[in-house]
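The values are calculated or read from the model by the stated rules, or taken from the named source; none is laboratory data. Please read all numbers here as calculations on a predicted model, not as lab measurements. Note: ideal-geometry Cβ built from the backbone for every residue, glycine included; neighbour counts use all protein chains shown.
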């Protein structure tokens, strides 16, 4: 069973697109920091706070009740999906933070979590914002 959470609070700005760009830039200017554990995963209120900073990422719980970010991207064909996944791989390697990716003809689904803490951290939201930037260029 997957639990999905949605944040309903508004972010200041003139339009939904302008608000999302303004807030997302905060994360785009950051770099993922290595996590070896020893820190607590975000609680649900912190998760909702950060969820407002990324566009369209759902909060889900896996079978171990750990929270993760999930988003599905749609494409015109297999090659576009593959190109996107390769770009995600480059960004992930640059950040030192690696998502789980499933892709095929016309789609890619990405799950992001911080495995070392069995939950979400700021790194996950930084990576999500940078992945979104790949399709918003």
Hey, can you tell me all the residues within the stretch 104-123 that are part of a strand (DSSP E or B) and either in contact with a strand residue (DSSP E or B) (Cβ under 9 Å, 6 or more places away or on another chain) or in contact (Cβ under 8 Å) with a residue 40 or more places away in the chain (or both)? 107, 108, 109, 110, 111, 112, 114, 119
Take the conditions outside any strand (DSSP E or B) and either in contact with a helix residue (DSSP H, G or I) (Cβ under 6 Å, 6 or more places away or on another chain) or closer than 18 Å to residue 26 by Cα (or both) and apply them to residue 101. Does it pass? no
Scan of the stretch 67-89 for residues that are out of contact with any helix residue (DSSP H, G or I) (no Cβ under 9 Å at 6 or more places or on another chain) and either closer than 26 Å to residue 42 by Cβ or surrounded by 15 or more Cβ atoms within 10 Å (Cβ to Cβ) (or both), ordered by number: 70, 72, 80, 81, 82, 85, 89
So, residue 128, is that one buried (at least 16 other Cβ atoms within 10 Å of the Cβ), in contact with a strand residue (DSSP E or B) (Cβ under 7 Å, 6 or more places away or on another chain) and at pLDDT below 90 or not? no
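Okay, residues lined up against (1) in a helix (DSSP H, G or I); (2) in contact with a strand residue (DSSP E or B) (Cβ under 6 Å, 6 or more places away or on another chain); (3) closer than 13 Å to residue 121 by Cα; (4) at pLDDT 90 or above:
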position: 27; (1), (2), (3), (4): yes, no, yes, no
position: 37; (1), (2), (3), (4): no, no, yes, no
position: 50; (1), (2), (3), (4): yes, no, yes, yes
position: 54; (1), (2), (3), (4): no, no, no, yes
position: 76; (1), (2), (3), (4): no, no, no, yes
position: 79; (1), (2), (3), (4): yes, no, no, yes
position: 88; (1), (2), (3), (4): yes, no, no, yes
Looking at the stretch 2-24, can you tell me whether even one residue there is at pLDDT 70 or above, part of a helix (DSSP H, G or I) and on the phi < 0 side of the Ramachandran plot? no
